[in-house]
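Data first, discussion second: the structure below is written as structure tokens.
Laboratory data are not the source of any read-out in this text; all were calculated from the coordinates shown. Just so you know, these numbers come straight off a predicted model, no measurement behind them. Every residue, glycine among them, receives a Cβ derived from its backbone with ideal geometry; neighbour counts consider all protein chains shown.
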Amino acid sequence: MYNNLVYLRAIGMPRLRSLSAPLFMVVLSCCIVGADLTCAQSAKPPEKESDIIRGTVLNGLTHQPIGRALVYSQDNRFGTLTDSSGHFECKIPPPRVQNKNEGTGSFETSIGRFPPEDSNRPYFLMARKPGFIIDENNPISLLVPGQKEVTIYLVPGARIVGHVSLGGTEISERIQVEIYRRQVRQGVARWIRADNFTTWANGEFRFAELPPGAYKLFTRELMDLDPLTFDPRGQLYGYPPVYFPNAINFASGSVIQLSAGMTFDATLSPIRHEYYPVEAGIANLPEGAPVNVEVSVAGQGGPGYSLGYYPQLQKIRGLLPDGMYTLELSSSGTPGESGSMDIVVKGGAVSEGTVTMVPNAPINVTVTENFTSADQSEVDLPPGPAGQSQRRPRDYLDVNLEPADEFGRGGGASLRPPTGPEDGSLAIDNIWPGRYWVNVQSGRGYVASIKSGETDLLRHPLVVPPGGSADPIEVTMRDDGAQIEGTIEGAPLNPVSPSLGFTRVGNLVYLIPQPESSGQYKKVNVSPDGTFYAHQIPPGDYRVLASGQPQLEVEYRNEETMRQYHSEEQVIRLVAGQKQELRLHVVAGGD
């Protein structure tokens, strides 16, 4: 019973304060959530075979069955546990009569409504179990109408475990340990905070159920407040961050590469150093505006250090050890404000300097339409005069900015919402200083060029100085793009029914522009039968890859990373209006 209670708490079930053992087992063997569907592992034969969903939960690496895994529907209406062989069985009761004002929860597909309005079948099933994570290559098991057997995959989660030794001693101080995971967005790898852990009294830490990937590990700084040695009037001491294995900043820390089920053991040893008071004023800050302060070593970016903001004094205060630091300040609001300054701490207090806050100016977006066709079916519009759009660019265009650096401040930015139905203006508000890649998504035609002044924003990032940029982002649209169609040969395709109006695709085709080419990165979904099609592709030179995994992004802006695919890629040149047929094989690197 104790193990079952632990399991329920691990999957998010509420604490059970009083429950007898017989009743508890009844709860586990019946429907866990909801009353619309009933799932049970019962030997009693069902009345109708069509009302039964059976399946198996397997280890995505070994394909071995996983027992005592929780299987549940996407709407949490029901759930059940697999048996020792990884099998489960769910009985679907007759459909309930719905109130006419109650939503059906179904949706339209190419063959009608799915699931049918008279059905209680779920859309898809998922599974979970402590120690396992969802298989990113098979995240769900889609239930096709009439399907009776399903297979759900989980993979063992990776772990980072270890020990923190403060100054080489076994001081029982608890310290925060953090991990960041490397993720790719818009072709650029960035470090995103994944988790944090406060060490146990013995200095040990543990990060469990981590997805495969690249990580960095470090300790947060900790002040030495040992009551036996602490003197508030004397010299202050603390433990600066240490980045695994023994680096002084995030950039020089080692990358920990985790595979599924892997356990990585790490030891971190922060060293005790003198800390000195730091104070800086803030100028040009609106009254009452909140301020976020980020501290990095010599402007290299990365977490670890911190200072506080005191609104009553409009000052930044805190403690830092010797070193060179960059302070980056930001305030929310419309518009927000930002500012930065460099400081040097060397054997004493720092109390000089003022950070001047500058409003983040908006950047306007202009669109030039060089359309030659009156066909506007891509945006579901009635035909109009050739070369003229029935709608404004706002109706089919979206523009957003993605930080180009590993630690871009504040994430990205996108077009401001319209003030009303007549507002067709395009502008991006509150852009913090930094470098950004400009990403344009269009429901009609393709993006022929993106510029800001003399800068080609398809090839180079947009540099936003303090206070924003005076140069607008100029987008040129065309509709004479190329087309490709083809087949993935010999691919282990993801079996998804083509009769549905939607698919979860396991294979993708990547169009990666050659350096200095006019082409643009594009992902193309592959149908369950192995075919693919895409149109309105910008003309240019491309490297074409087919992947057997549903990767979200490819670091296509990193030539060193892409070099691993050179022997398996196809190189094509597309010109305006061209139709190109392709036959591709799944690349080994995509598996």
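Applying 1/(1 + (r/R0)^6) with R0 = 35 Å to the Cβ-Cβ distance of residue 202 and residue 84, what FRET efficiency is obtained, to the nearest 0.05? Once rounded, the FRET efficiency stands at 0.45.
Between residue 576 and residue 394, the contour length at 0.36 nm per residue exceeds the alpha carbon distance by 63.0 nm. Over 25 Å apart at the Cα level, from the set 451/522; 315/346; 129/523, are 129/523.
Note on residue 342 and residue 558: with the Förster distance fixed at 25 Å, the Cβ-Cβ geometry gives a FRET efficiency of about 0.30. For a paramagnetic label modelled on residue 310 (point 7 Å from Cα along Cα→Cβ), amide N atoms under 14 Å away belong, within region 316-358, to 316-319, 350-352. If you take all other residues with their beta carbon under 13 Å from the beta carbon of residue 285, and give Lys and Arg +1 and Asp and Glu -1, the sum is -1. Taking region 193-270, which chymotrypsin sites (Phe, Trp or Tyr not before Pro) meet the DSSP loop condition and have no more than 14 other C-beta atoms within 10 Å? Answer in residue order: 200, 230.
In terms of packing, defined here as the mean over residues of other Cβ atoms within 10 angstrom, the peptides 362-373, 442-453 line up highest first as 442-453, 362-373.
Given R₀ = 35 Å, FRET efficiency for residue 223-residue 460 by Cβ-Cβ distance, to 0.05?
After rounding, the FRET efficiency stands at 0.20.
Gain on full extension, evaluated as 0.36 nm per residue between residue 585 and residue 449 minus their Cα-Cα distance, stands at 45.8 nm.
Looking at region 267-353, the trypsin sites (Lys or Arg not before Pro) that sit in a DSSP loop and have at most 15 other Cβ atoms within 10 Å of their own Cβ are 346.
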